[in-house]
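Right, one structure below, let's go through it.
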Amino acid sequence: MSNILIVEDETRISSFVQKGLRAAGYACSVSADGAEALALAQTGQFDLILLDIGLPTLDGYEILRRLRVDDQITPVIMLTARNSVEDTVVSLDGGANDYLAKPYKFDELLARIRIRLRDRPAAAITELRYGDISLDLRTRRAMLGNANVELSPREFAVAEEFLKNPDQVLSRGQLLSRVWGYDFDPGSNVVDVYIRYLRNKFGADFIETVRGAGYRLK
């Protein structure tokens, strides 16, 4: 059974969509808040996301941008009252797989969902390993040998970048872009702080400093 995340802050609409999808045989979860929806989407437990644009805390564009920066390939269908060509183009250029303006026929929505689920890539990697360290990308659980390591969402995201790129030097700029979504260096030492957090939890030799270049798994 496919699992769909409905991101919509209008209760009447989200209830209608949820009821219809469940009747069609899909499992559903609903979020009305942008930040909460992003956290749910980043767990990787959903097969498809229905995403509104106008949301509290984070709008749909920002959620989509952060998911694609994090290399999340979950199909996203934008469902929104905004029906201008500009909004459609921005959404598709930003990584959306489809765009459906309100009001829409529910049968058309179901057809588009079937297409996106049928065309989705083969199962993605759900676990990363490096030496004694493993990260479960679905449950967001980190292990050192047989011991569980408690990581904050941001710590997990930083560790994930290193395990995805075990032989590469990652610069502060790359980490700021991929983990924090910054297109510029804000002039803080936030990257260095999180590197220190991870060294404290995985061992001082977990990440080495490459002087003048960045950091690399050791």
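The values are calculated or read from the model by the stated rules, or taken from the named source; none is laboratory data. Small disclaimer: the values here were computed from a predicted structure and weren't measured. All Cβ positions, glycine included, derive from the backbone under ideal geometry; neighbour counts span all protein chains shown. For accessibility, only protein heavy atoms count, side chains too; no ligands or nucleic acids. Shrake-Rupley method; radii C 1.70, N 1.55, O 1.52, S 1.80 Å.
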Do you know the Lys pair count in the chain for C-alpha distances under 25 Å, with sequence separation 8 or more or different chains?
-> 5
Checked the stretch 1-81 against the a/c 1.5 cut and the a/b vs b/c comparison, axes a ≥ b ≥ c from its Cα gyration tensor; verdict oblate
How large is the accessible surface per residue of the chain, computed with a 1.4 Å probe and reported in Å² as a whole number?
-> 53
Measure of exposure for VAL89: accessible area at 1.4 Å probe, Å² rounded to 10, is 70
Whole-percent carbon and sulfur share, accessible surface of the chain, 1.4 Å | 49
Expressed as a rounded percentage, what relative contact order does the chain have, with Cα pairs under 8 Å and six or more residues apart?
-> 13
Relative to the compact-globule estimate 2.2 N^0.38 Å (N residues), the Cα gyration radius of the chain stands at a ratio of 1.12
Please work out the C-alpha center-to-center distance from the stretch 23-102 to the stretch 150-172 and express it in whole Å.
-> 24
Most mobile of ILE115, ILE53, ILE73 in a GNM of the chain (Cα contacts under 10 Å) | ILE115
Taking only the alpha-carbon atoms of the stretch 157-209, what semi-axes of the equivalent ellipsoid follow from 5 times the gyration tensor eigenvalues under a square root, in whole Å, largest first?
-> 18, 13, 9
Would you be so kind as to identify which of LEU110, LEU100, ALA81 lies farthest towards the positive end of the dipole of the stretch 74-122, taking Lys and Arg as +1 and Asp and Glu as -1 on Cβ and the Cα centre as origin?
-> LEU110
Spin-label point model (7 Å from Cα, Cβ direction): what's the LYS102 to MET1 distance in nm?
-> 2.6
Would you calculate the separation in nanometres between label points at ALA27 and SER134, each defined as 7 Å from the Cα along the Cα-to-beta-carbon direction?
-> 2.1
Which value, in debye to the nearest 20, gives the size of the charge dipole of the chain about its Cα centre, when Lys and Arg are +1 and Asp and Glu are -1 at the Cβ?
-> 440
Rounded to 0.05, the calculated FRET efficiency for the beta carbons of GLU208 and GLU127 at R₀ = 25 Å is 0.60
